[in-house]
Amino acid sequence: MARVTLKKVVKQFKSVTAVDSLSIEIQDREFAVLVGPSGCGKTTALRMIAGLEVVSSGDIYIGDRRVNDLAPKDRDIAMVFQNYALYPHMSVRENLGFGLKMRKFPKEEIDRRVREAADILGIHDLLDRRPRQLSGGQRQRVAVGRAIVRKPKVFLFDEPLSNLDAKLRVAMRAEISKLHRRLGATIIYVTHDQVEAMTMASRIFIMNRGSLQQSGTPLEVYKKPSNQFVAGFIGSPAMNFIECTLVLEQGRYFVDAGAFRLMLPDLFSRPVEAYAGRPVIFGVRPEDLAVPAAGRADHPGDTLKARADVVEPLGAEMFVHLTCGPHSLVARMESPEQPMAVGQTLEVEVKLNRTHLFDRETLQTIV
């Protein structure tokens with residue numbers, strides 16, 4: 001296996017810059033996920049690593065070797081595509097071994113590697129079937145198996161689960177994570193699904209408009225987003241954002257949104273000093289809004305009153321769409337014993353030590 005390094009990599013399609021000065025380093029045996037909305041440049045970056053797209057400028061290294069000018073077959077990588085790309089006229093066994101056959105591997109070695117891959121993926125009983133006789137999940141396993149038999153330095157996955165149903169996606173996420181631990185492989189995985197990124201990655205690289213926005217472990221980017229885009233992209237449902245004014249009164253800082261006013265915790269005081277009297281963007285995650293338990297002592301400054309417009313029960317939890325004056329919020333709460341009524345006015349507690357403030361002009365995180 002090997003580390004993968006991109007140094008100021010640019011990809012231009014005529015006047016469009018798909019990837020803009022991308023610099024990342026993926027460590028040996030790391031499970032790295034490139035995540036972002038459609039069109040952010042993540043798949044283009046993956047295809048440049050694979051050699052399927054020519055780099056406009058910058059350098060790509062696999063291990064210590066610069067690979068810009070190497071053909072895909074010489075980069076010692078294996079890629080799993082979104083659409084499986086299986087040969088319909090071949091059996092599963094033939095699909096798994098075809099790449100090795102083209103590289104003139106001995107038949108005994110091909111058979112051995114195919115058996116090993118079938119053992120790892122549990123597809124022994126499928127080896128004599130054609131792709132049309134397989135389910136979507138089985139086809140995905142075969143596509144992964146075709147990469148495994150190569151024993152490459154780096155595995156590349158391009159949105160491999162997007163064609164599967166929700167239940168199968170969850171199962172395949174776990175399968176790929178277990179595969180990573182078993183092989184000790186360097187994996188670069190592209191997805192637009194932040195849930196996949198959070199549950200699978202050792203480290204996440206969040207992209208938008210061709211540029212890297214932030215990298216870190218899943219919990220790092222969740223707890224400490226670098227800007228409003230990252231804060232809104234990571235987490236489901238997305239973070240609530242409200243434009244408000246930062247007010248300083250009697251040595252305490254408040255966010256004033258007109259319909260509500262919340263007192264910020266002391267740990268925010270130093271970072272927000274320069275923003276007193278200025279407009280800012282207040283961010284709170286849905287899971288950090290709650291209905292206080294009965295008998296809770298009154299804590300002025302950390303609650304707001306809102307109307308429940310839509311209630312979405314999900315079993316153990318529910319999503320509640322709230323209106324507070326002109327502002328809309330989504331709360332993610334535990335389901336109460338008694339159903340919550342639409343139109344009901346609620347006192348909603350805000351877990352202020354988990355909230356964020358963003359500069360209204362630069363959209364960078366203040367705290």
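The values are calculated or read from the model by the stated rules, or taken from the named source; none is laboratory data. Because the structure is predicted, anything quoted here is derived from the model rather than measured. Here Cβ is always computed from backbone atoms with ideal geometry, including for glycine, and neighbour counts include all displayed protein chains. For accessibility, only protein heavy atoms count, side chains too; no ligands or nucleic acids. Shrake-Rupley method; radii C 1.70, N 1.55, O 1.52, S 1.80 Å.
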>> Per residue, how much accessible surface does the chain expose to a 1.4 Å probe? Answer in Å², no decimals.
In response: 49 Å²
> Looking only at 72, 88, 339, which one moves most when the chain is put into a Gaussian network model with springs between Cα atoms under 10 Å?
Replying inline: 339
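When the accessible area of the range 39-115 is computed with all protein chains present and a 1.4 Å probe, what percentage of it is carbon and sulfur?
On the way: 2100 of 4040 Å².
Accessible surface attributable to carbon and sulfur in the range 39-115 totals 52 percent.
What's the FRET efficiency of residue 128 with residue 195 using the Cβ-Cβ distance as r and R₀ = 30 Å, to the nearest 0.05?
Working: r = 36 Å, r/R0 = 1.19.
My answer for the efficiency is 0.25.
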> Once a ≥ b ≥ c are taken as the square roots of the eigenvalues of the Cα gyration tensor of the range 218-308, is the result rounded (a/c under 1.5), prolate (a/b larger than b/c) or oblate (a/b not larger than b/c)?
Replying inline: oblate
>> Taking θ = phi - 60°, what integer Hz values does the Karplus form 6.51 cos²θ - 1.76 cosθ + 1.60 yield along the range 153-162, in sequence order, with x for Gly and Pro?
In response: 6, 9, 9, 10, 10, 10, 6, x, 9, 5
> Span-like helices, the chain: DSSP H, alpha-carbon axial extent 24 Å or more, mean Kyte-Doolittle -0.5 or greater, which ones?
Replying inline: 166-183
>> Quick check on the chain: helices-only [θ] at 222 nm, where DSSP H runs of length 4 and up contribute -39,500 (n - 2.57) each and the sum goes over total residues. Nearest 500, please.
In response: -7000 deg cm²/dmol
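Determine the alpha carbon to alpha carbon distance for each of 7/153; 8/73; 305/351; 107/151; 101/151; 73/101 and list only those over 21 Å. All intermediate terms of the calculation are to be shown ahead of the outcome.
Working: 7/153 19 Å; 8/73 24 Å; 305/351 14 Å; 107/151 16 Å; 101/151 14 Å; 73/101 14 Å.
From the list (7/153; 8/73; 305/351; 107/151; 101/151; 73/101), the Cα-Cα distance tops 21 Å for 8/73.
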> Just how much of residue 73 is accessible, in Å², when a 1.4 Å probe is used and the result is rounded to the nearest 10?
Replying inline: 140 Å²
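Looking at this model, which pairs from 167/224; 14/104; 42/178 are more than 32 angstrom apart at the alpha-carbon?
Values: 167/224 30 Å; 14/104 39 Å; 42/178 24 Å.
Over 32 Å Cα-Cα: 14/104.
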> Measuring from a point 7 Å past the Cα of residue 29 along Cα-to-C-beta, which residues in the range 146-180 have an amide N at less than 18 Å?
Replying inline: 151-155, 177-180
> Once the dipole of the range 35-174 is set up with Lys and Arg at +1 and Asp and Glu at -1 on Cβ about the Cα centre, which of 79, 60, 97 lies farthest towards its positive end?
Replying inline: 97
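To the nearest 0.05, what FRET efficiency results for residue 183 and residue 248 with a Förster distance of 56 Å applied to their C-beta separation?
Numbers: r = 55 Å, r/R0 = 0.99.
Working from the Cβ atoms, E equals 0.50.
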>> How large is the translational diffusion coefficient of the chain in µm² per second when you combine the Kirkwood radius over alpha carbon pairs with Stokes-Einstein at 10 °C and 1.306 mPa s?
In response: 68 µm²/s
> How large is ³J(HN,Hα), in whole Hz, for each residue of the range 11-16 in order, when computed from phi with the Karplus curve 6.51 cos²θ - 1.76 cosθ + 1.60 and θ = phi - 60°, using x for Gly and Pro?
Replying inline: 10, 10, 10, 6, 8, 9
> Between exposed GluC sites (Glu not before Pro) in the chain, where DSSP calls loop and at most 12 other Cβ atoms lie within 10 Å, what's the longest gap?
Replying inline: 1-336
> Around residue 322, which amide H atoms from residues at least 5 apart in sequence, or from another chain, sit under 5 Å from its own amide H, with H modelled in the peptide plane?
Replying inline: 309, 329, 330, 331
>> Give me, ordered by chain and number, the residues 5 or more places off residue 127 or on other chains with an amide H under 5 Å from its own placed amide H.
In response: none
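Any chance you could run the full-extension gain for residue 335 through residue 269? It's 0.36 nm times the residue separation minus the Cα-Cα distance, nm to one decimal.
Numbers: separation 66, 0.36 × 66 = 23.76 nm, distance 3.45 nm.
Gain in length upon complete extension: 20.3 nm.
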> What residues have an amide H closer than 5 Å to that of residue 280, excluding those fewer than 5 places away on the same chain, when H is modeled at 1.01 Å from N in the peptide plane?
Replying inline: 244, 245, 246
